[in-house]
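The values are calculated or read from the model by the stated rules, or taken from the named source; none is laboratory data. Keep in mind the model is a prediction, meaning the values are calculated, not measured. A quick note on method: Cβ atoms are made from the backbone with ideal geometry, for glycine too, and the neighbour counts reach across all protein chains shown.
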Amino acid sequence: MNGLNSTAKTFKDSVFRGQHTLPPIFYISILGTKSTGGKMEVSQAVKQRKSIRGFLPNPVEDKVLSTLLEKSSRAPSGGNVQPWRIYVINGSRMDDFKTHLANFSLSESEYPIYPPKLQEPYRTNRFELGEEMYKLLGIPREDKAARLANMAKNYDFFGAPAAFFCFIDRSMGAAQWSDLGMFLQTFMLLAEEAGLGTCPQEAWAMHHQAVSEFVSAPENEMIFCGISIGYPDWAQPVNSLESRRMPLEQWCTWA
Ligand SMILES: Cc1cc2nc3c(=O)[nH]c(=O)nc-3n(C[C@H](O)[C@H](O)[C@H](O)COP(=O)(O)O)c2cc1C
């Protein structure tokens, strides 16, 4: 990237693999790559974005979030319908939300998070991700309590100080749900450029009642997911997780 020599590239990659403990912004300035408010090549943002499951408590300004959201709305959507409906939780509202959440227990998601019977190779992909994560955390397969406790971190936004929930009108179909993905990935890449980490979380669909009530979502809207937002805590082993991808030949056909 931009004239970095190969040593710097290696160092930088290791920073983003979570092998260093300061937030990337420090290393970014050492390496001379602009981040917050600066420009990052799209390829670099795509490469280094990963789901962050451990955040520093450092606050994120409302203005930063509104700017990122506004920019994200350049995401494409079929017919330009722009079906995303976003509810932001930040600052003291995060404390209010957590107090509110304590009154609720988990329920069933209003949409199937996975198909009833996940086929191969999707099943294995999912299984391997879980195994790799629990291995990093030192949680054995049989320790159900520890696995559940780790899963519960979803409902603390993994310690993130900011978040938003993405809703959609119930009248929308599969095509508009895919538009949400366009918007969300655009947001996550822009957040990366701004030096922020994110984690998309369908887990929040199992708290739809608590979330809808808190954000005063109208009856016609349903939650898709939440996004945790904040500065990554690279000291947490979970953030060194590198999720795998299937090789191109497995999912791409030159027809
Ligand atoms: C729509 C969506 C929902 C997700 N829900 C969760 C979740 O509830 N909890 C979680 O820890 N990760 C969740 N993830 C993160 C995925 O596990 C992650 O994207 C995947 O393993 C690939 O890893 P990467 O994001 O680090 O590249 C979600 C991702 C997406 C796109």
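Figures for the structure shown
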| read-out | value |
| --- | --- |
| Yes/no for L129 being of a type in the set (A, V, I, L, M), farther than 19 Å from S51 by Cα, modelled with pLDDT of 95 or more and surrounded by 11 or more Cβ atoms within 10 Å (Cβ to Cβ) | no |
| Filter result for W234 (more than 12 Å from the ligand (Cβ to nearest atom), modelled with pLDDT of 95 or more and buried (at least 20 other Cβ atoms within 10 Å of the Cβ)) | yes |
| Count of residues meeting criterion [surrounded by 13 or more Cβ atoms within 10 Å (Cβ to Cβ) and not β-branched (V, I, T)] in region 83-105 | 13 |
| Test: Q176 is closer than 19 Å to S107 by Cα, touching a residue at least 40 places away in the same chain (Cβ under 8 Å) and surrounded by fewer than 21 Cβ atoms within 10 Å (Cβ to Cβ) | no |
| In region 106-137, the residues that are without any contact (Cβ under 8 Å) to a residue 24 or more places away in the chain and in a loop (DSSP other than H, G, I, E, B) | P112, Y114, P115, P116, K117, L118, Q119, E120 |
| Number of the condition not met by K144 [criteria: (1) more than 19 Å from the chain's Cα centre (by Cα); (2) in contact (Cβ under 8 Å) with a residue 12 or more places away in the chain] | (2) |
| Criterion: assigned to a helix (DSSP H, G or I), over 23 Å from L56 (Cβ atoms) and either within 15 Å of the ligand (Cβ to nearest atom) or not basic (K, R) (or both) - qualifying residue of A191, A217, A149, A205 | A205 |
| Condition check for Q176: within 11 Å of the ligand (Cβ to nearest atom), under 22 Å from A75 (Cα atoms), part of a helix (DSSP H, G or I) and not β-branched (V, I, T) | no |
| Tabulated pairs, region 202-226, first under 19 Å from T99 (Cβ atoms) and aromatic (F, W, Y), second near the ligand (Cβ under 9 Å from one of its atoms) and at pLDDT 95 or above, C-beta under 7 angstrom, 6+ apart or interchain | W204/C225; W204/G226 |
